[in-house]
Amino acid sequence: MSTDGNKKQFWKRNTAKVPGSIQHVYGAQHPPFDPLLHANLIKAGNKPQMTPGGKPKKATTFQEFESITSDAWDVGDDDDELLAMAAQNLNIEVVMETANKVIENHSKQQEKQRQDDAGASELEEREEEDANEEEVEEEEEEESTPEVSFASEPSPLSDGRLVKSLSEAPIGSPKDAAGERASLHRQQSLPHRPTIPMVARIADQNTSGTPAMTEREASRLDKFRQVLAGPNTDLEELRKLSWSGIPRQVRPITWKLLSGYLPANTERRESTLQRKRQEYFGFIEQYYDSRNDEHHQDTYRQIHIDIPRTNPLIPLFQQASVQEIFERILFIWAIRHPASGYVQGINDLVTPFFVVYVFEYIKEEVENFDVSSLQEETLRNIEADSFWCMSKLLDGIQDNYTFAQPGIQRKVKALEELVSRIDEMVHVHMQQYEVEYLQFAFRWMNNLLMRELPLRCTIRLWDTYQAEPEGFSHFHLYVCAAFLVRWRKEILDERDFQGLMILLQNLPTMHWGNEEVSVLLAEAYRLKFAFADAPNHYKR
């Protein structure tokens, strides 16, 4: 525990468990918590500092934040200790009283909102009735009531349709209809934002039901097909074309070529695919049954836990057959790479390859696609191709996942030095509030920004990484620097440690698409051009 007189540093070499770090799975599992067996683990937590006014003091530096939350950052604490403290300190009556207050307050807010909505809808109805009064009088001979006359007018629904007759109108109480109209009124008052699919924007594709390709897009696709059609693919020319993005139609074959999975010679490709796919399923037969062995069960258990957390908002990855595919890929890779084994975060790196290779066999949107509709042989091909391409990627960055993860440590240090040169104000601002780069950039390096960007953006980003020499291991550093400086204004607006950490771990990129990624990559290339060949230039 840290105190005002003896403050300990956040990152310690002998730390058993550091917040935000990725732990190795060997021996990482704990037995279920038993308060009787773990009573000696219970510790008392520090109370937050109080101001003279009686309110908790707001932390403005990391040291103050650490002292306030020292029980959460304590080096000796683990999950069992936290559970033990919770079991000891929480009084069931206090908990129930607090919960009831929360429910009661929520109910009052809901009721107030309903009353406000009803009042707004009544005002709208009176205005509409006044506007339609003359029309209602003219149609009295048709024996229609004012309500029917109102409903017979084309009225917008929440989904944007026009109701032309009473039979098309939704069935519900007048109060429900009033609530819908009030909701629609609020929605229409907001700026329109098009819905963007999880994996790719509609404009990024040229499938049935989507807009036709522009002349430029069609021209680029023709260039790709010309390069790929030759007996020996010019990989250098393919890289130049791919740097600015790869059309969906040729992305699977292009990724396989640029990753080194397929040879440039077209005559050798089919035999290479058959050999590599058979080799992968030979590994499955040889190793996969050992997943429940004593020396492998911790690895498999951690993989099994992490798979459902992989892109939980995309239904494709919640299908049982897809999760089984991921489990096999990750377990076989871990067995064949004992220097690192499986590390949390590697599970994310399978998803772009899997999605791209599913695109090879389907035309519709992939996020809700049911993979059981594919033939078994097709699924086997997708699985094997994803495994080998992920392996090729990890071969270049494996020091990110070996013991103590030295690759990530070096890259985070290089990021700090680079940012201090390109935007000293941002660097000094984070130093002022004691934000360490390792506290947020560790995840950027470990997951290759996959947790910060939507999957559609990751796929576009990897087009360039595949085309760039040492894209995943070297160019990624400059992308991270450009990504951090991109949020310069938001960072400088935050005036305390907590605000900065919340911002940096939840950057608003949900609506990003190809345009934003292209700008980010262009800025990263500019930084690389300025600093990559003169590494001493950005060292202080």
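LEU448: open to solvent by 20 Å² or more (accessible area, probe 1.4 Å) and either part of a loop (DSSP other than H, G, I, E, B) or modelled with pLDDT of 95 or more (or both), yes or no? Answer is no for this residue. Only one of the numbered conditions (1) more than 23 Å from the chain's Cα centre (by Cα); (2) in a helix (DSSP H, G or I); (3) polar (S, T, N, Q) is violated by SER386, and that is (1).
Which of the residues that make up the stretch 229-250 are of a type in the set (A, V, I, L, M), assigned to a helix (DSSP H, G or I) and modelled with pLDDT of 95 or more?
In the first step, residues of the stretch 229-250 are kept if they are of a type in the set (A, V, I, L, M); the result is 229, 235, 238, 241, 246, 250.
From the residues that got through so far, the ones that are assigned to a helix (DSSP H, G or I) too are 229, 235, 238, 241, 250.
Across the stretch 229-250, the qualifying residues are LEU235, LEU238, LEU241, VAL250.
Got at least one residue in the stretch 435-444 being of a type outside the set (Val, Ile, Thr), closer than 21 Å to ILE246 by Cβ and either crowded, with 22+ Cβ neighbours inside 10 Å or at pLDDT 95 or above (or both)?
Step one: filter the stretch 435-444 for residues of a type outside the set (Val, Ile, Thr), giving 436-444.
Then drop every residue that is not closer than 21 Å to ILE246 by Cβ, which leaves none.
No, that holds for no residue.
Number of residues in the stretch 387-416 that are open to solvent by 20 Å² or more (accessible area, probe 1.4 Å) and on the phi > 0 side of the Ramachandran plot: the value is 1.
If I ask for residues that are in contact (Cβ under 8 Å) with a residue 60 or more places away in the chain and in a loop (DSSP other than H, G, I, E, B), which ones from the stretch 293-315 would you list? Answer for the stretch 293-315, where residues must be in contact (Cβ under 8 Å) with a residue 60 or more places away in the chain and in a loop (DSSP other than H, G, I, E, B): ASN311, LEU313, ILE314.
Figure legend. Inter-residue proximity from the stretch 246-261: first residues at positive phi, second residues open to solvent by 10 Å² or more (accessible area, probe 1.4 Å), beta-carbon distance below 9 Å, spacing 6+ or different chains. Indicated pairs: GLY260/LYS392. The residues on offer are PRO252, PRO308, and the sole one that is open to solvent by 40 Å² or more (accessible area, probe 1.4 Å) and under 26 Å from GLY345 (Cα atoms) is PRO308.
Residues checked against (1) modelled with pLDDT of 95 or more; (2) surrounded by 22 or more Cβ atoms within 10 Å (Cβ to Cβ):
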position	(1), (2)
PRO469	no, no
CYS480	yes, yes
TRP487	yes, no
GLU490	yes, no
PHE497	yes, yes
PHE529	no, no
ALA534	no, no
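Report yes if GLN302 is over 18 Å from ASN368 (Cα atoms), assigned by the TED database to the domain that holds GLN278, surrounded by 17 or more Cβ atoms within 10 Å (Cβ to Cβ) and out of contact with any helix residue (DSSP H, G or I) (no Cβ under 6 Å at 6 or more places or on another chain), otherwise no. Write out each step before concluding.
Details: over 18 Å from ASN368 (Cα atoms): yes; assigned by the TED database to the domain that holds GLN278: yes; surrounded by 17 or more Cβ atoms within 10 Å (Cβ to Cβ): yes; out of contact with any helix residue (DSSP H, G or I) (no Cβ under 6 Å at 6 or more places or on another chain): yes.
Here the answer is yes, as GLN302 does meet what is asked.
Within the stretch 346-365, take every residue that is assigned to a loop (DSSP other than H, G, I, E, B), over 16 Å from TYR261 (Cβ atoms) and charged (D, E, K, R) and give me the one that is most open to solvent (accessible area, probe 1.4 Å). Even if it seems obvious, please write down each step before you answer.
Within the stretch 346-365, the subset assigned to a loop (DSSP other than H, G, I, E, B) is 360-365.
Of the ones still in play, those that are also over 16 Å from TYR261 (Cβ atoms) are 361-365.
Restricting the remaining residues to those that are charged (D, E, K, R) gives 363-365.
Numbers: LYS363: 148, GLU364: 95, GLU365: 58 Å².
Result: LYS363.
From the list ARG421, ARG460, the lone residue that is open to solvent by 20 Å² or more (accessible area, probe 1.4 Å) and either of a type outside the set (S, T, N, Q) or in contact (Cβ under 8 Å) with a residue 40 or more places away in the chain (or both) is ARG421. Go through the stretch 366-378 and count every residue that is surrounded by fewer than 18 Cβ atoms within 10 Å (Cβ to Cβ), part of a helix (DSSP H, G or I) and in contact (Cβ under 8 Å) with a residue 12 or more places away in the chain. Selection size over the stretch 366-378: 2.
Does the stretch 514-527 hold any residues that are buried (at least 17 other Cβ atoms within 10 Å of the Cβ) and under 18 Å from the mean Cα position of the chain (by Cα), and which are they?
Hits for the stretch 514-527 are ASN514, VAL517, LEU520.
The values are calculated or read from the model by the stated rules, or taken from the named source; none is laboratory data. Everything numeric in this text was worked out from a predicted model, so none of it was measured. Quick reminder, even Gly has a Cβ in these numbers, built from the backbone with ideal geometry, and neighbours come from all protein chains shown. Just the protein is used for accessible areas: all its heavy atoms, side chains included, with ligands, DNA and RNA removed. Shrake-Rupley method; radii C 1.70, N 1.55, O 1.52, S 1.80 Å.
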